[in-house]
Amino acid sequence: MSEATVDVADLRHHAGPTGSGDRADDAPLRDDIRLLGRVLGEVIGEQAGEDVLDLVESTRVEAFKIRRSEVDRAQLAERLAGLDIRSANHVIRAFSHFSLLANLAEDIHHERRRRFHRREGSPPQKGSLAATFALLDEADLPDDVVARELAGALVCPVVTAHPTEVRRKTVSKVQRDITDLIRARDRAALGETDVDEWSGKLWRSVLTLWQTALLRLSRLRLRDEIDEALRYYELSLFEVVPALNAELRRALDERWPDAGLLRRPMLLPGSWIGGDRDGNPFVTADALRRATSRQAETAIGHHLAELQELRLELSMSDRLVTPTRELYRLAEESRDDSPFRADEPYRRALGGIADRLAATATAVLGRVPGPAPHAELPPYASPDELRADLDVIDDSLRSHGAGALADDRLRRLREAVEVFGFHLCGLDLRQNSSVHEEVVAELLAWAGVCDDYAALDEPARVELLGRELTLRRPLVRPDAELSETARGELDVLIAAAERVALLGPRTIPNYVISMCESVSDVLEVAVLLKEVGLLDPDGAAGPSCPVGISPLFETIGDLQGGGATLAAVLAQPLYRELLSSRGDVQEVMLGYSDSNKDGGYLAANWALYRAELDLVEVARAEGIRLRLFHGRGGTVGRGGGPSYEAIRAQPPGAVAGALRITEQGEVIAAKYGDPDLARRNLEALVAATLEASLLDIEGLGDDADEAYVLLDDLAGRAQQAYRALVHDTPGFVEWFRAATPIKELGELNIGSRPPSRKAGDTIADLRAIPWVFSWSQTRIMLPGWYGTGSALESWVDGDEEKLSRLRELHRHWPFFRTVLSNMGMVLAKTDLDLAARYAELVEDEDLRARVFDQITAEHERTCRMLLAVTGDDQLLADNPSLARSIRNRFPYLEPLHHLQVEMLRRRRAGDDDELTRRNIQLTINGIATALRNSG
């Protein structure tokens with residue numbers, strides 16, 4: 001084996017300024033990219049031969065020349081099109097790995113710069129808790145205002161299994177190994193690193209990466225997605241979430257000691273994996289049981305491991321200290337009579353706590369995730385009982401001057417028990433409203449209540465459902481003969497009721513209704529919850545249900561009618577009583593993906609903003625507390641973009657101390673792959689929530705109504721332009737399916753859920769995620785910008801005063817600025833010259849030109865108008881970090897695009913070689929990796 005030897009100079013990367021200002025020098029980033037590229041090249045040369053390395057290197061050189069406009073793109077495309085299938089495979093794999101390693105180097109450099117700023121004592125970065133509390137201190141807010149706005153404060157990132165994570169877990173593991181090596185080198189003092197040993201480890205890691213398949217052999221199963229999501233608790237969340245909650249509690253108590261804030265943790269993670277049945281036939285009752293069991297196993301296993309460590313650490317002898325009487329009581333209850341621990345009451349007490357927790361595991365899981373208990377003790381009835389015992393340990397330590405020990409591992413465990421309990425995280429249920437209608441109709445017919453529920457109009461449905469909700473009796477017997485759909489839905493709900501009884505009400509906190517359009521859509525779910533005993537219509541204190549019902553408004557029309565729908569739901573007496581039993585908190589989910597697919601980028605973003613304004617007004621009029629759940633994806637076309645800016649761009653009153661937000665597929669590893677990343681991302685969520693709740697961020701003042709009317713106009717124009725292309729152009733669907741790898745994407749083994757909700761050949765039938773993903777692969781990125789240029793140009797219509805008004809809104813209104821900034825990011829990643837290569841896959845020349853000409857014209861229009869409004873002279877003027885990233889990474893994309901087009905052409909011409917299919921999948925993987933939050 002030939003291992004790359006790294007120059008000593010390569011081991012001496014120090015982030016520091018090289019010129020004016022406090023910007024960290026980018027030289028270490030360039031050095032890292034060169035180093036990783038050189039090692040990968042040496043591995044390729046050894047493993048695939050010098051001829052392959054020469055091919056890869058010449059392709060790389062030419063790709064960079066294309067970016068500098070030194071050579072014609074067509075020359076490279078023609079050369080790559082002539083490659084045999086095996087050579088093409090080598091090039092695709094090489095450039096996929098180049099992209100992956102360039103991403104890794106960028107992430108490390110971001111860490112390096114943050115360390116530099118901390119070391120230099122730079123002001124707190126925007127999005128950090130330190131910066132946020134500085135703003136709050138400046139605002140000098142009274143206790144009563146803070147107490148009102150942060151009552152029931154909640155920040156809940158909800159992990160979903162949407163199929164856009166292309167990396168295998170194995171590949172991620174090798175990436176972490178390389179990352180750890182470079183981190184260790186950066187943090188070592190000069191001379192402390194054994195160069196030969198370090199170089200050998202790096203070479204072996206890159207070799208492992210090269211010899212590891214990037215593609216899965218089979219589609220991910222739901223159980224794999226469940227386990228994959230749980231991995232992030234061990235990687236980061238167990239460490240970061242409790243620590244952030246403790247820090248928040250201390251900071252708020254110091255500033256507003258009389259406000260009584262955060263009686264429960266503010267930061268609570270959630271999940272959809274195993275509960276989201278919308279379009280996923282694999283989410284069954286057994287899947288839900290497995291998801292909640294694995295979550296409980298993960299939480300209890302963590303607590304048991306921490307108790308074991310505490311037992312080793314707290315070795316105090318009562319010959320030297322005097323514990324409290326309550327501590328001695330715990331020690332006696334442990335039944336530990338070992339003479340070796342006779343004078344160590346803490347160890348005896350912790351042993352008893354661990355044995356009780358082990359008994360709890362046996363009761364809820366049927367086994368213990370760890371060592372067998374030493375004594376048979378009664379299980380804990382709830383996490384509160386465990387927390388109370390840990391509080392006894394805490395009080396006793398402080399009583400004899402060991403508070404420093406209480407503030408270490410014990411404090412972290414106490415916080416962890418409060419956050420994660422025995423259930424780990426709340427698992428939401430979700431299903432489409434059309435399924436609820438079908439199931440409720442069948443149950444009503446079976447019970448003889450209504451033979452044809454589907455034929456009833458909305459008032460009749462509401463009256464019938466409202467009447468049914470006042471009755472305690474179920475509609476069907478357990479042995480009722482039902483359709484497969486109805487039986488499956490009821491079985492899932494029965495399993496949910498079992499898990500709530502076993503693990504507590506936090507286990508299944510919400511039921512989300514996809515495509516919710518009416519009052520009956522909400523009441524149908526209430527009837528189903530009543531059917532399995534989760535909803536009690538006539539309890540001692542009135543109607544109650546541990547599971548909240550969350551309508552999801554997704555299309556433009558549903559968003560526009562969301563406020564009226566919510567008001568009508570709240571007008572139902574029994575539902576209003578039900579809400580009162582839940583503290584008058586109503587959650588509403590907003591869908592970013594489908595609204596974008598329905599009406600385009602600007603129309604969808606404005607419909608969401610308007611919907612939030614309407615919902616806030618309804619909540620204020622009804623005297624309830626509104627909690628919004630944002631169904632954002634990783635890409636801008638699905639609501640993505642920096643979370644901190646997005647939260648601060650919400651309308652007044654829309655956050656109100658509470659926020660739930662989805663974290664989907666491709667961004668989970670990027671945000672939660674290690675403690676530093678998780679800390680930064682979760683801190684940004686919390687910081688933005690505090691600012692949006694307590695400060696006047698919108699900044700429109702008395703001009704708000706005028707600005708809203710202006711955006712109404714712009715959104716209408718943008719939607720008209722978007723729909724003219726996507727919905728009204730004859731042959732558009734045919735063009736889309738030919739020019740993008742949408743069909744081939746469905747063959748990629750990246751998720752358990754099918755790419756379409758139902759069979760069909762329309763845009764409406766297609767899920768929003770593969771819709772956006774496909775446009776990204778072609779570098780058109782249409783969902784992130786199309787229609788906005790037409791809207792801006794037609795509204796301004798050459799009037800400088802109107803353009804000045806837009807510029808003023810861009811300066812002062814966070815919503816408008818964020819929308820345009822995110823669009824600028826997408827436009828900077830768009831490449832219509834590359835897109836033209838994909839358009840050539842459309843065989844009908846007239847159709848090819850008719851659609852692509854519209855896209856080209858709108859792209860030029862949108863770029864021009866964006867720069868006119870922002871006043872910038874180039875895209876990404878407000879984001880130099882991303883501009884640098886594009887310069888570093890995008891040349892590696894060039895060969896992948898050309899080879900993807902060529903492989904698509906061959907496949908569609910009848911080439912059935914398995915390697916051709918695999919090459920297409922590898923290019924999809926590599927392009928998505930390089931594009932990151934746009935791929």
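Across the stretch 529-584, which residue is farthest from residue 600 (Cα to Cα) among those that are in a helix (DSSP H, G or I) and among the polar types (S, T, N, Q)? Give the steps one after another, and end with the answer.
Looking only at the stretch 529-584, we keep the residues that are in a helix (DSSP H, G or I), and these are 529-531, 556-560, 562-570, 573-581.
From what's left, among the polar types (S, T, N, Q): 560, 565, 580-581.
Details: 560: 15, 565: 23, 580: 38, 581: 39 Å.
In this case the residue turns out to be 581.
Quickly run through the stretch 298-326 and pick out the residues that are among the aliphatic types (A, V, I, L, M) and without any contact (Cβ under 8 Å) to a residue 40 or more places away in the chain.
Narrowing the stretch 298-326 to residues among the aliphatic types (A, V, I, L, M): 299-300, 304-305, 307, 310, 312, 314, 316, 320-321.
If the condition is that a residue be among the aliphatic types (A, V, I, L, M) and without any contact (Cβ under 8 Å) to a residue 40 or more places away in the chain, then 312, 320 are the ones that fit.
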Positions within the stretch 322-356 being in a helix (DSSP H, G or I) and among the β-branched types (Val, Ile, Thr), in sequence order: 353
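Given the options 76, 100, 83, name the one that is in a loop (DSSP other than H, G, I, E, B) and in contact (Cβ under 8 Å) with a residue 12 or more places away in the chain. Don't jump to the end; show me each part of the working.
Working: 76 fails: in a loop (DSSP other than H, G, I, E, B); 100 fails: in a loop (DSSP other than H, G, I, E, B).
None of the other options fit; the residue is 83.
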Of the residues that sit in the stretch 824-876 and are over 17 Å from residue 806 (Cβ atoms) and among the small types (Gly, Ala, Ser), which one is farthest from the chain's Cα centre (by Cα)? 849
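Would you confirm whether or not the stretch 830-838 contains a residue that is touching a Gly at 6+ places or on another chain (Cβ under 9 Å) and part of a loop (DSSP other than H, G, I, E, B)? Reasoning before the result, please.
Residues of the stretch 830-838 that are touching a Gly at 6+ places or on another chain (Cβ under 9 Å), as a first pass: 830.
Right, trim to part of a loop (DSSP other than H, G, I, E, B) and you get 830.
Yes: one or more hits.
Looking at 558, 538, can you tell me which residue is more than 22 Å from the chain's Cα centre (by Cα), among the acidic types (Asp, Glu) and closer than 26 Å to residue 657 by Cα? Outline the logic, then answer.
Numbers: 538 fails: closer than 26 Å to residue 657 by Cα.
Residue meeting the stated conditions: 558.
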Does the stretch 490-508 include one or more residues that are outside any loop (DSSP other than H, G, I, E, B), of a type in the set (Ser, Thr, Tyr) and not assigned by TED's automatic domain parsing to the domain that holds residue 300? no
Subset of the stretch 686-741, residues among the charged types (D, E, K, R), touching a residue at least 12 places away in the same chain (Cβ under 8 Å) and not in a helix (DSSP H, G or I), comes to 696, 698
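Condition check ((1) crowded, with 24+ Cβ neighbours inside 10 Å; (2) over 19 Å from the mean Cα position of the chain (by Cα); (3) among the acidic types (Asp, Glu)) across all residues:
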residue: 595; (1), (2), (3): yes, no, no
residue: 616; (1), (2), (3): no, yes, no
residue: 619; (1), (2), (3): yes, yes, no
residue: 623; (1), (2), (3): no, yes, no
Test for residue 667: is it within 19 Å of residue 156 (Cα to Cα), touching a residue at least 24 places away in the same chain (Cβ under 8 Å) and β-branched (Val, Ile, Thr): yes
Quick one: would you say residue 283 is part of a helix (DSSP H, G or I), in contact (Cβ under 8 Å) with a residue 12 or more places away in the chain, closer than 19 Å to residue 426 by Cα and of a type in the set (A, V, I, L, M)? no
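For residues that are basic (Lys, Arg) and without any contact (Cβ under 8 Å) to a residue 40 or more places away in the chain, scanning just the stretch 802-838, find the one that is surrounded by the fewest Cβ atoms within 10 Å (Cβ to Cβ). Full working, then the answer.
First, the residues of the stretch 802-838 that are basic (Lys, Arg): 802, 805, 807, 811, 817, 829, 837.
Remaining after also requiring without any contact (Cβ under 8 Å) to a residue 40 or more places away in the chain: 802, 811.
On the way: 802: 14, 811: 12.
The extreme case among them is 811.
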Can you confirm whether the stretch 311-332 contains a residue that is under 30 Å from residue 499 (Cα atoms), outside the structural domain of residue 502 (by TED's automatic domain parsing), crowded, with 21+ Cβ neighbours inside 10 Å and out of contact with any Lys or Arg (no Cβ under 7 Å at 6 or more places or on another chain)? yes
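Can residue 522 be described as in contact with a strand residue (DSSP E or B) (Cβ under 7 Å, 6 or more places away or on another chain), crowded, with 24+ Cβ neighbours inside 10 Å and in contact (Cβ under 8 Å) with a residue 60 or more places away in the chain? Show your work before the answer.
Numbers: in contact with a strand residue (DSSP E or B) (Cβ under 7 Å, 6 or more places away or on another chain): yes; crowded, with 24+ Cβ neighbours inside 10 Å: yes; in contact (Cβ under 8 Å) with a residue 60 or more places away in the chain: no.
For residue 522, the condition - in contact with a strand residue (DSSP E or B) (Cβ under 7 Å, 6 or more places away or on another chain), crowded, with 24+ Cβ neighbours inside 10 Å and in contact (Cβ under 8 Å) with a residue 60 or more places away in the chain - is not met.
What do you reckon, is residue 279 at pLDDT below 95 and closer than 21 Å to residue 391 by Cβ? Even if it seems obvious, please write down each step before you answer.
Details: at pLDDT below 95: yes; closer than 21 Å to residue 391 by Cβ: no.
Criteria not met by residue 279.
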Those residues of the stretch 435-471 which are surrounded by fewer than 15 Cβ atoms within 10 Å (Cβ to Cβ) and part of a helix (DSSP H, G or I), in sequence order: 454, 455, 458, 459, 460, 463, 467
Residues in the stretch 415-429: is at least one assigned to a helix (DSSP H, G or I) and out of contact with any helix residue (DSSP H, G or I) (no Cβ under 8 Å at 6 or more places or on another chain)? no
Condition test on residue 492, is it surrounded by 12 or more Cβ atoms within 10 Å (Cβ to Cβ), within 18 Å of residue 516 (Cα to Cα) and either in contact with a strand residue (DSSP E or B) (Cβ under 8 Å, 6 or more places away or on another chain) or touching a residue at least 60 places away in the same chain (Cβ under 8 Å) (or both)? no
Sole residue being part of a loop (DSSP other than H, G, I, E, B) and either under 24 Å from the mean Cα position of the chain (by Cα) or at pLDDT below 95 (or both), chosen from 769, 780: 780
Out of everything in the stretch 856-896 that is hydroxyl-bearing (Ser, Thr, Tyr) and under 28 Å from residue 923 (Cα atoms), what residue ends up being surrounded by the fewest Cβ atoms within 10 Å (Cβ to Cβ)? 881
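Let's see how each residue does on (1) assigned by TED's automatic domain parsing to the domain that holds residue 388; (2) of a type in the set (A, V, I, L, M, F, W, C); (3) within 27 Å of the chain's Cα centre (by Cα):
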residue	(1), (2), (3)
413	yes, yes, yes
440	no, yes, no
445	no, yes, no
450	no, yes, no
461	no, no, no
488	no, no, no
515	no, yes, yes
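Of the residues 244, 261, which single one is crowded, with 18+ Cβ neighbours inside 10 Å and part of a helix (DSSP H, G or I)?
Numbers: 261 fails: part of a helix (DSSP H, G or I).
Result of the check over 244, 261: 244.
Give the residues of the stretch 62-73 that are assigned to a helix (DSSP H, G or I) and either over 15 Å from residue 898 (Cβ atoms) or of a type in the set (D, E, K, R) (or both), sorted by residue number.
Quick first cut of the stretch 62-73, residues assigned to a helix (DSSP H, G or I) only: 62-67, 73.
Those that are assigned to a helix (DSSP H, G or I) and either over 15 Å from residue 898 (Cβ atoms) or of a type in the set (D, E, K, R) (or both): 62, 65, 67, 73.
The values are calculated or read from the model by the stated rules, or taken from the named source; none is laboratory data. Small disclaimer: the values here were computed from a predicted structure and weren't measured. So basically every Cβ, Gly included, is an ideal-geometry build from the backbone, and we count neighbours across all protein chains shown.
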